[in-house]
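Comments concern the structure below.
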Amino acid sequence: MIPFEELDFEDKQVLLRVDFNVPLENKKVTNDFRIRQTAPTIHKILDKGGSIILVTHIGRPKEGAEDLNLSTSTLIPTLEKTLGLPVKFKKNWIDGVRINKGEVLLCENVRFLKGETSNDSQLAKKMSKLCDIFINEAFSNSHRAHASNYGVAQFAQAKVAGPLFLSEVQALYKVVKKNESPTVAIVGGSKISTKTALIKNLSKQVDHLILGGGIANLIIKARGHQIGKSLFEKGAYEDACRLFKDIDNIVFPIDVVCASEFSKTAIGTIRPLNEIRENDLILDFGPKTLKKIVSKIQSAKTILWNGPIGVFEFDNFANGTRTIAETIAESSAFSVAGGGDTIASIEKFNVSDKISYISTAGGAFLEFLEGKKSPVISILEEN
């Protein structure tokens, strides 16, 4: 694979696979984080004399069918504002696109094309003929072999992982393979079934494992404590008991913050684990647990964060996630954070510029940390 910095972009047409699968509300972008992350790559290509065809997906439309609510045309205002330059749009692009030097063109949602998610080779060949160079900046989609990220790389004249893609891989590799001890991993979320492989792998890689959210509730229950009406994944209880039995580096909670209802106006009550009541909902960690967690984070040299530990959307139950965010921000450790809710909490507590690396990926982030090999990384590594 040719390094991005060594490529000659002069008068070259670049097919840039990005992940602009951003949240929309009334056809307007509500969070432009992924677009902002990719902007430097776009400017580098243009500054070196290239032109760019942007390919992305939004949502999960039925393959081969158009959904106007998921049209990438809705991204144009945000994209132009972020880049500070005009962006063209092309609805029917797969059979040919030619743009002038210095121009940027956004294609219609690639998942409107039949054969995209099934990695149809004929579709991938058509994509490869649109460009002189294929660059992948969509690490967040690299755990799936689709026509626009895997297939096109098989047939393109030149294929490259972009700077953002590489920085994601390098940051995650540094956390799980070349981490400096002590290492702390914080994993939150509602379902343990989606993160069992992650927890297993991380438990072998890190010194301290902090689990939050519904996963923490399951730990508390597995240890024989009452959790009241708290969220937990019932079907995963027995598997969780076996999993936790084999892991000895979990930072176990001491106290929690409970409420009688799931509401932003609910009043929280701090309870030790042995005083959780039948009708309680566990919505955050208590001060003694947080003191224990803060101590681990402050002594860490490497920190990984995926998932909030409480209902941070409600101010009355945001203290745990806020404390973790601010403690990581104040730390001199190398820190990596990823996942949609994690990024939302980082932005809410204004610590984005104090985290060493924030990953734009979701599923790809988790699968890399689970130790799985990405098909897209494999194809990009081939000469």
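A short reminder: the numbers here are calculations on the coordinates, not readings from a lab. These figures come from a predicted structure and were not determined experimentally. With ideal geometry, Cβ positions are generated from the backbone for all residues, glycine too; neighbour counts draw on all protein chains shown.
Determine one quarter of the surface area of the Cα convex hull of the stretch 133-273, which equals its mean projected area, and express it in nm² to one decimal.
11.9
What is the Å³ per residue value for the convex hull set by the Cα atoms of the stretch 4-161? Walk me through the numbers on the way to the answer.
On the way: hull volume 15.5 nm³, N = 158.
Given the Cα convex hull of the stretch 4-161, per-residue volume reads 98 Å³.
Tell me, Kirkwood radius of the stretch 326-383 from alpha-carbon pair distances, in Å?
Details: mean 1/r = 0.0776 Å⁻¹.
About 12.9 Å, per the Kirkwood formula over Cα pairs.
For the stretch 274-366, take the convex hull of the Cα atoms, compute a quarter of its surface area, and give me that in nm², please. The partial results should precede the final answer.
Numbers: hull surface 27.1 nm².
Approximately 6.8 nm², given one-decimal rounding.
Once the stretch 204-311 is represented by equal point scatterers at the alpha-carbon sites, with solvent omitted, what log10 I(q)/I(0) does the Debye formula produce at q = 0.15, 0.23 Å⁻¹?
-0.64, -1.36
Distance cut-off 31 Å, Cα to Cα: go down the list Lys195/Lys348; Lys195/Lys301; Lys28/Lys125 and report the pairs above it. Could the numbers behind the result be given before it?
Values: Lys195/Lys348 24 Å; Lys195/Lys301 24 Å; Lys28/Lys125 33 Å.
In this structure, Lys28/Lys125 exceed 31 Å between Cα atoms.
For Ser335, what residues show an amide H to amide H distance below 5 Å, using hydrogens built from the backbone and excluding near sequence neighbours?
Ile303, Ser356, Tyr357
Which values, in whole Å and largest first, are the semi-axes of the equivalent ellipsoid of the stretch 92-202 obtained as the square root of 5 times each eigenvalue of the Cα gyration tensor?
Details: eigenvalues 235, 63, 30 Å².
Those come to 34, 18, 12 Å.
What percent of all Cα-Cα pairs in the chain falls in each 20 Å bin, counting up from 0?
27, 51, 21, 1
Let me know the volume per residue of the alpha-carbon convex hull for the stretch 169-369, in Å³.
Values: hull volume 20.5 nm³, N = 201.
Convex hull of Cα atoms, per residue: 102 Å³.
What is the packing order of peptides 15-26, 143-154, 348-359, taking the mean over residues of other C-beta atoms within 10 Å and listing the highest first? Could you put the intermediate results ahead of the total?
On the way: 15-26: 19.6, 143-154: 23.5, 348-359: 17.1.
Taking the mean over residues of other Cβ atoms within 10 Å, the ranking is 143-154, 15-26, 348-359.
Report the label-to-label distance for Lys27 and Glu5 in nanometres (one decimal), using points 7 Å from each Cα along the Cα→Cβ vector.
According to this spin-label approximation, the distance is 4.4 nm.
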